[in-house]
1. Could you check which residue among B:Thr69, B:Thr20, B:Thr141 shows the biggest mean-square fluctuation in a GNM of chain B with a 10 Å Cα cutoff?
2. Using only DSSP helix segments of four residues or longer, with each worth -39500 (n - 2.57), what per-residue ellipticity at 222 nm results for chain B after dividing by its residue count and rounding to 500?
3. Going down the list A:Lys27/B:Lys24; A:Lys27/B:Lys136; B:Lys96/B:Lys126, which pairs span over 21 Å between their C-alpha atoms?
4. Would you tally the net charge around A:Leu37, using a Cβ to Cβ cut-off of less than 15 Å, leaving A:Leu37 out, and scoring K and R as +1, D and E as -1?
5. Hey, with R₀ at 22 Å, roughly what FRET efficiency would B:Ser13 and B:Asn82 work out to, going by the Cβ-Cβ distance, to 0.05?
6. Tell me, in nm to one decimal, what length is gained between B:Asn139 and B:Met156 on full extension, where the rule is 0.36 nm per residue of separation less the Cα-Cα distance?
7. Once label points are set 7 Å from the Cα along Cα→Cβ at both A:Ser64 and B:Thr90, what is their separation, rounded to one decimal in nm?
8. Counting partner chain Cβ atoms within 10 Å of every residue's Cβ in B:126-139, what's the average?
Amino acid sequence: MPMERNELDENTGTSAIVEIIDNGPIKISGEIMFWDLKRDITDSPSEIYLCRCGKSSNKPYCDSSHKMRL
Amino acid sequence: MERPRNHFTRGRSYKNDEITVYWKPDACIHASYCYRELIEVFDPGRRPWIDLSGSNTERIIEVVNMCPTEALSWKWNEDARNIDVERDQTNHIKFKRPELMSTEKAKDEIRPVSVKIMVDGPVVVKGNFTIRYNGKEKNFTNGIISLCRCGGSNQMPFCDGTHRKIGFEDK
């Protein structure tokens, strides 16, 4: 379920949601400043899916390689 | 790791002629700046792992200031010099006391949330955010966490430093 903007802004002052998907990637959504120090990339995406199995061939992003694990 | 801030059970200090470097292992999130920048001084495979004789004071200060947590901090041995230390020396010991910053102020100062992909290491998330994992939900105000990207951590979803031991290469 994508987070609604107002849900992010209310209450806690939370600017982003970090969601660890079971047996899947890290999803981060909201107000983000993104740095990839190895590839020297900076960006401000509203949503990203990051590999956390170490197998993606499109790192740091998830490419669904986790589903191919033996 | 998610631990209470300012709660450290252990700590060590290392001195050269000019500065003292403080090490608080409980605060380390394995962001890995220190050993990637200056392995001559910060070598996790050596004991003791910090050896200030490996570089000059200026360079050591530069690298200690890169540490995103309170794990590494420093001060001048000559107390008078500490008074003039400026904000850009982020890891000077006098700026490493977040209890001085009120929660409200922290909320205003930090947005958006910073997401940093560390070189061959974890992703470090910093700021005001909510994390959901294993059916749990936690809010962080001016918080910092480090999440595993190598797939090898024994403390999933958090980084425990395993990427270095297994030689994880982000490519």
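1. Maximum among the listed residues: B:Thr141.
2. Values: 5 runs with 29 residues, N = 171.
Computed ellipticity for chain B at 222 nm equals -3500 deg cm²/dmol.
3. Working: A:Lys27/B:Lys24 30 Å; A:Lys27/B:Lys136 15 Å; B:Lys96/B:Lys126 16 Å.
Checking Cα-Cα distances, A:Lys27/B:Lys24 exceed 21 Å.
4. Details: positive: A:Lys38, A:Arg39, A:Lys59, B:Arg36, B:Lys116, B:Lys126, B:Arg149, B:Lys171; negative: A:Asp36, A:Asp40, A:Asp43, B:Glu37, B:Asp120, B:Glu169, B:Asp170.
Here the charged neighbours net out to +1.
5. On the way: r = 15 Å, r/R0 = 0.66.
Efficiency for this residue pair is about 0.90.
6. On the way: separation 17, 0.36 × 17 = 6.12 nm, distance 1.80 nm.
Difference between extended and current length: 4.3 nm.
7. 3.7 nm
8. Details: counts 1, 8, 8, 12, 12, 8, 6, 6, 2, 1, 1, 2, 1, 4.
For this peptide, the per-residue mean of nearby foreign Cβ atoms is 5.
Throughout, read-outs are computed from the coordinates displayed, never taken from laboratory work. A quick note: this is a predicted structure, and the numbers were derived from the prediction, not measured. Every residue, glycine among them, receives a Cβ derived from its backbone with ideal geometry; neighbour counts consider all protein chains shown.
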